[in-house]
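This report concerns only the one structure given below.
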Amino acid sequence: FQLVFLEVFAQKGYGITSGDIAEEWVARIPMGFTAEGVALRNIKQGIYPPESGRFGNHMCEWIGAQMRGAVCGAVAPGNPALAAELAFKDGVISHYNTGVLGEVFNAIMVSLAFVEDDMKKILRMAIDMMPEDSMYRSVLEFAWDACEKHGNWRDAWLECDDKYKEYNWIDAIPNAAAEVVSMYFCENDYEKLCTICCMCGLDVDCNVAQVACVLATAQGSSCIDERWSEPFGDHMITYVRGMETVRFKDLARKTHKSILSAWNKLKK
């Protein structure tokens with residue numbers, strides 16, 4: 001889904017709409033699970049965003065959109081407001097309410113990572129940018145306060161885990177708390193960040209992918225030890241039509257080129 005977002009962004013720039021992205025989903029993504037699966041079916045039936053994200057979709061506040069936020073921050077370097085706008089447009093295709101705010105939160109953090117390098121500072125700044133009256137903001141604040149109170153990730157996480165135990169393990173809410181705990185205690189260390197986030201459990205791969213992107217954006221690829229990157233090689237295989245084989249260096253170049261092109265269009 002992030003690959004498809006980037007493809008549309010390369011064509012449309014910052015004028016991208018939810019409808020643009022939704023149509024590219026249908027063209028390139030054969031199937032989806034949970035909320036995305038419902039959204040794809042809705043779009044194919046002519047139900048466009050934002051209705052596509054909530055019509056008949058009891059999974060619209062799960063983690064699906066939250067795990068897509070990084071790319072929106074990547075194309076809006078140092079501009080968290082713009083990153084939030086892009087994430088909202090993408091999020092409402094398949095999600096609603098806290099489900100959308102999860103994507104906004106992660107997009108903001110990645111955007112900030114271009115101009116800030118301390119994970120705890122980025123985390124606090126991103127929390128402060130979330131709507132004060134939202135349920136999502138209250139979860140972030142609760143997790144932050146638990147970190148402040150306990151002084152270690154394990155006890156802070158256990159309090160969060162108990163607080164939100166009634167939620168599904170792939171709901172955006174408990175997974176947001178896991179992100180907060182891991183970023184608060186990582187001490188700007190990539191391996192420590194990933195380890196803590198994994199130890200919190202829940203939707204581990206989705207959470208780690210997002211917070212690791214924040215740190216790697218701030219520090220560059222040098223923060224990732226070769227024992228983590230070497231097994232992946234130089235490419236990935238996907239089920240996205242027209243992007244079956246994607247080389248990481250090509251993806252980085254395309255992202256950079258798309259950002260420059262989008263900014264040039266704005267200047268005109």
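The amide H of H235, built 1.01 Å from its N in the peptide plane, has F248 as neighbours under 5 Å, considering only residues 5 or more places off or on other chains.
Of H95, H256, the residue with the largest accessible area leads and the full order is H256, H95 (1.4 Å probe). W25 sits among other residues whose Cβ lies under 15 Å from its own Cβ, and their net charge, with Lys and Arg +1 and Asp and Glu -1, is -1. Taking 0.36 nm per residue of separation and subtracting the current Cα-Cα distance, fully stretching the chain between N168 and L266 would add 31.1 nm. With each label modelled as a point 7 angstrom along the Cα→C-beta vector, the E23-H256 pair spans 3.1 nm. Of the residues Y190, Y239, the one with the largest accessible area comes first in the ranking Y239, Y190, computed with a 1.4 Å probe on protein heavy atoms.
Computed extension gain for V204 through K121, at 0.36 nm per residue and net of the alpha carbon distance, reaches 27.6 nm.
Please work out the Cα center distance from the stretch 41-74 to the stretch 87-137, rounded to the nearest Å. What the calculation gives is 16 Å, centre to centre.
Across the stretch 123-176, C-alpha contacts under 8 Å between residues 6 or more apart give a mean separation that, scaled by the residue count, equals a relative contact order of 26 percent. Of the residues H150, M183, M129, the one whose Cα sits farthest towards the positive end of the charge dipole of the chain is M129 (charges of +1 on Lys and Arg Cβ, -1 on Asp and Glu Cβ, taken about the Cα centre). Across the stretch 1-145, Cα pairs under 8 Å and at least six residues apart give a relative contact order of 21 percent. Any idea what the relative contact order of the chain is, in percent, if you count C-alpha pairs under 8 Å spaced at least 6 apart? So the answer I get is 19 percent. Note that the stretch 91-201 carries a Kirkwood radius of 14.0 Å, evaluated over its alpha carbons pair by pair.
Accessible surface for L6 stands near 10 Å², nearest 10, in the context of the full protein assembly shown (1.4 Å probe). Across L215, L202, the residue with the most accessible area heads the list, and the full order at a 1.4 Å probe is L202, L215. Straightening the chain between D145 and E244 buys 31.3 nm, computed as 0.36 nm per residue apart minus the Cα-Cα spacing.
For the stretch 42-103, applying the loop criterion from DSSP together with a ceiling of 16 other beta carbons within 10 Å to the chymotrypsin sites (Phe, Trp or Tyr not before Pro) yields F55. The residues neighbouring G242, those whose beta-carbon lies less than 9 Å from its own, together hold a net charge of 0 under the Lys/Arg +1, Asp/Glu -1 convention. The 3J(HN,Hα) values that the Karplus relation (6.51, -1.76, 1.60; θ = phi - 60°) gives for the stretch 131-143 are, in residue order, x, 5, 9, 8, 4, 4, 4, 5, 5, 4, 5, 4, 5 Hz. Gly and Pro appear as x.
The values are calculated or read from the model by the stated rules, or taken from the named source; none is laboratory data. None of these values were measured; they are calculated from a predicted model. For neighbour counting, all protein chains shown are included, and Cβ atoms are generated from backbone atoms with ideal geometry for every residue, glycine included. Note: accessible area is taken over every heavy atom of the protein model, side chains too, but ligands, DNA and RNA are not part of it. Shrake-Rupley method; radii C 1.70, N 1.55, O 1.52, S 1.80 Å.
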